[in-house]
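Let me begin by presenting the structure, written as structure tokens, before commenting on it.
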Amino acid sequence: MKKITQLLKWILKAWPILGIAAFFFIHKFFLMILSYFTYEVNSIFSSLSQFLGGLIIIIIIGKNISEFRHMNLLSYVKEYFKSFPLLKHHHKITGKASFPASSSLDAYAFTEGKWETVEQGIQELEKRIRNLRTEMNNKYDNINKRFTEIKDELNASINMNTREIHEVQKSLERTVLDDLKIQFFGILLVVYGFIVDLLIIFPLQ
């Protein structure tokens with residue numbers, strides 16, 4: 001049963017060929033039941049197949065323009081004629097001025113003091129050095145912590161973007177493949193109508 005299902009799926013992948021074959025058999029069926037109106041039936045099916053084929057191709061082209069240019073086929077045609085070189089174009093120029101914000105610098109202010117002995121001055125200097133070292137260590141730890149957070153956020157963002165790109169790529173491949181099949185079916189219809197026209201003009205003896 002599984003093999004039969006796989007076989008049916010494989011056959012259905014070639015649905016444009018099956019579709020044109022079905023169109024051919026419908027055409028032959030009407031020729032059989034309307035054998036006295038062969039010319040009219042051939043003319044109708046020729047026109048119908050070329051019309052449907054051209055319509056399908058135009059729809060797919062419009063769909064592709066809408067997906068990649070974010071506009072429909074009519075808007076694209078309007079933009080094309082608006083870009084005619086001999087027409088006058090009015091361009092509006094807008095600008096925005098920005099000024100750098102004033103920056104502030106953190107500074108360590110040390111108040112001057114007078115000590116009664118040299119030992120007191122040395123102790124005060126050692127105290128200030130310890131405070132400065134503690135402050136620098138704290139800043140260094142904060143910078144390392146922030147750097148780790150940014151690194152984790154960046155890795156998470158890269159992983160998420162990679163997954164999204166992969167999903168978009170798979171979706172785009174499916175869409176393009178489906179559109180190619182539909183366009184191929186439209187081309188087959190146009191070719192079928194053209195062949196029927198030739199047979200009307202140059203009937204087989």
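Full extension of the chain between residue 38 and residue 75 gives 9.1 nm of extra length, using 0.36 nm per residue less the Cα-Cα distance.
The order of the peptides 142-155, 30-43, 172-185, 50-63 by mean Cβ neighbours within 10 Å, most packed first, is 50-63, 172-185, 30-43, 142-155. In this structure, the pairs whose alpha-carbon distance is over 29 Å, taken from 78/170; 145/170; 13/78; 9/170; 9/63, are 78/170; 145/170; 13/78.
Bear in mind that the values in this text are calculations on the coordinates, not laboratory data. Note that the coordinates shown come from a computational prediction; the quantities given were computed from them, not determined experimentally. For neighbour counting, all protein chains shown are included, and Cβ atoms are generated from backbone atoms with ideal geometry for every residue, glycine included.
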